[in-house]
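*Asks:* What follows is a single structure, and I will ask about it in a moment.
Every number in this text was worked out from the coordinates using simple rules, so none of it is lab data. Predicted model only: the values in this text are computed from it and were never measured. Here the Cβ positions follow ideal geometry from the backbone for every residue, glycine too, while neighbour counts run over all protein chains shown.
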Amino acid sequence: MPTLWIPTPLRDLTQGKLSVIVTGSTVREAIESLELQFPGIRERLCDDDKIRPNISVLVDGHVAPLKIRERLQETSEVHFVVRISGGSDIETAAGSFGEDR
C-alpha cells in the first residue's frame, strides 16, 4: 500500500506521524484514505478537487505532473512539499538584495 509522507505543518493532524500507509491507486484516492484516518487533512491539502497551489506532489521521487490524478503503485511513496513564500522588497544602502550597484 502507498506511503504518504506528511509535511511538518500538517503533522498536528496526524498525531505527529511522519508517514502514513494508505490505500488507493491514485493520489486522490490516497488522500481520501488519509482523510478517513485523520479528518480535516484533506482540506489542508486540497482546494475543492485540486491540490492547493502552494503544494507540490512528488511520487516515487519525481514531481507528479498529474498531481491528484497521478497513478500509484503498491510501493509508491508520496511526498507533499509545501512551498514557502515570503521575502521582502527592502532597499539597503547598496540597493535591493542581490542587486549590484
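*Asks:* Report the local net charge at Leu58: Lys and Arg +1, Asp and Glu -1, summed over other residues whose C-beta lies under 11 Å from its C-beta.
*Replies:* Net charge in that neighbourhood comes out at -2.
*Asks:* Note the direction-averaged projected area, equal to a quarter of the hull surface, for the Cα convex hull of segment 3-84, in nm².
*Replies:* Working: hull surface 18.9 nm².
Quarter of the Cα hull surface area: 4.7 nm².
*Asks:* Multiply the residue gap between Ser19 and Val82 by 0.36 nm, knock off their C-alpha separation, and tell me the result in nm, one decimal place.
*Replies:* Between Ser19 and Val82, full extension yields an extra 21.1 nm.
*Asks:* List the trypsin sites (Lys or Arg not before Pro) in segment 3-86 that DSSP assigns to loop (not H, G, I, E or B) and whose Cβ has at most 11 other Cβ atoms within 10 Å. Which are they?
*Replies:* On the way: sites: Arg11, Lys17, Arg28, Arg42, Arg44, Lys50, Lys67, Arg69, Arg71, Arg83; in loops: Lys17, Arg83.
Those satisfying the criteria are Arg83.
*Asks:* Compute the signed sum of charges (Lys and Arg +1, Asp and Glu -1) over the other residues within less than 12 Å, Cβ to Cβ, of Arg71. Can you show the working numbers first?
*Replies:* Values: positive: Arg28, Lys67, Arg69; negative: Glu29, Asp60, Glu70, Glu74.
Neighbour charge sum, excluding Arg71 itself: -1.
*Asks:* Oh, and also: Can you list the GluC sites (Glu not before Pro) in segment 15-77 that are in a DSSP coil and have 14 or fewer other beta carbons within 10 angstrom?
*Replies:* Loop-located and lightly packed - Glu74.
*Asks:* Collect residues whose amide H, placed 1.01 Å from N in the peptide plane, falls under 5 Å from the amide H of Glu70; neighbours closer than 5 in sequence don't count.
*Replies:* Placed amide hydrogens put Val27, Arg28 under 5 Å from Glu70.
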